[in-house]
Amino acid sequence: MINRLPTEIANILQTSKKNPAQFEELIRSGGYLPPEMELMVDAITALSMGKNILLKGPTGAGKTKFAETLSNLFNQPMFSVNCSVDLDAESLLGFKTLAYKEEKQVIEFVPGPVTNSMIHGHFLYIDEINMAKPETLPLINGVLDYRRTITNPFTNEVITAKEGFNVIAAINEGYVGTVPLNEALKNRFVVIEVPYIEGEQLKQLIETNTKLKDPRSIDLFVKLSSDLINAVNQGKVAEDAASIRALLDACDLSVLIPPKRAILRSIVDKLDEEREREFVKNLADTLF
């Protein structure tokens, strides 16, 4: 990956790399292959300047893998928050618990992902940020702007982020349970559109990230993905049908079970409408 980057960006990345003393297990494995190298260049540039990035794109396009690859390239541990309607201050910031110190019972604060990433100067990944309740995310507005500070409501401590702290968020738009991001929150991010991976990049991804090694089968799965993406663009099927994550699952399963059944388990049965399921099954029938 590094040798494909422009020299200036590769140099920035090298000087920005961290040597963390702890949480090495949170440095992710990487493996994302961008359809356009500009996506990676822009993300690295923004993070190296201390800016937050918002990865925006369809489900299964590889946004989480993109974030994990950035963690790997910067050699930077990455704490994660998975948003839902149940997300609250404790899920973000941490919680108090009873503990024993010198045989005395004391109240200790256990840091959450936001406070941990700020204190240690690491990445914070917020997945499906628009799934959180609108009243929850303003808790971290100060974390996301130039102040990089937050007052912990559980301890009244003012936390200022250590150098190296950055926020990477991901968003799927238009799904049930999501809400539009308000302008105040959106303006705190540099937005990067993440499209589906196609063609040679997808072929390489299948070769390196699945157990499928047969060249002909790989080509057929690449063709299936292209047909599904076109169908999504034409409004014939939901975005779930073209999920790259689901396609990779189908590739793995096809090593041991027939490809059409692998596609049924990994893609077709996830779709809600019978019309969409039949459409994908017909596509699979024409290829396998």
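The values are calculated or read from the model by the stated rules, or taken from the named source; none is laboratory data. Everything numeric here is computed off the predicted structure, so don't read it as measured data. Here the Cβ positions follow ideal geometry from the backbone for every residue, glycine too, while neighbour counts run over all protein chains shown. What goes into the accessible areas is simple: the full protein's heavy atoms, side chains included, and nothing from ligands, DNA or RNA. Shrake-Rupley method; radii C 1.70, N 1.55, O 1.52, S 1.80 Å.
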Using unit Cβ charges (K, R positive; D, E negative) and no other charged atoms, how large, in debye to the nearest 20, is the dipole of the chain about its Cα centre? 440 debye
Excluding same-chain residues fewer than 8 positions from LYS51, which aspartates and glutamates have a Cα within less than 13 Å of its Cα? ASP42, ASP145, GLU163
Rounding to the nearest 20 debye, state how big the charge dipole of the range 1-115 is about its Cα centre with +1 on each Lys and Arg Cβ and -1 on each Asp and Glu Cβ. 220 debye
Determine how large the accessible area of VAL167 is when every protein chain is in place; take a 1.4 Å probe and give Å² rounded to the nearest 10. 0 Å²
Report, in listed order, any pair from LYS211/LYS270; LYS56/LYS133; LYS186/LYS223; LYS63/LYS96 with a Cα-Cα distance greater than 30 Å. LYS186/LYS223; LYS63/LYS96
Solvent-accessible area, 1.4 Å probe, carbon plus sulfur percent, for the range 67-136: 48 percent
In the chain, with Lys and Arg counted as +1 and Asp and Glu as -1 at Cβ, which of these residues, THR208, PHE288, LEU92, has the Cα nearest the positive end of the dipole, that is, farthest along it? THR208
Kindly rank 153-166, 109-122 from highest to lowest mean number of other beta carbons found within 10 Å of each residue. 109-122, 153-166
Would you list which aspartates and glutamates come within 16 Å of LYS260, measuring only between C-alpha atoms, while excluding same-chain residues fewer than 8 positions from it? ASP214, ASP219, ASP227, ASP249, ASP252, ASP269, GLU276, GLU278, ASP285
With unit charges on the beta carbons (Lys and Arg positive, Asp and Glu negative) and the dipole taken about the Cα centre of the range 1-148, which residue among MET78, ILE44, LEU137 sits farthest to the positive side? ILE44
Remind me, relative contact order of the chain in percent, using alpha carbon pairs under 8 angstrom and six or more residues apart? 19 percent
What does the charge dipole of the range 156-281 about its Cα centre add up to, to the nearest 20 debye, if the Cβ of each Lys and Arg holds +1 and the Cβ of each Asp and Glu holds -1? 380 debye
Most to least packed among 65-74, 279-288, 258-267 [average Cβ atoms within 10 Å]: 65-74, 258-267, 279-288
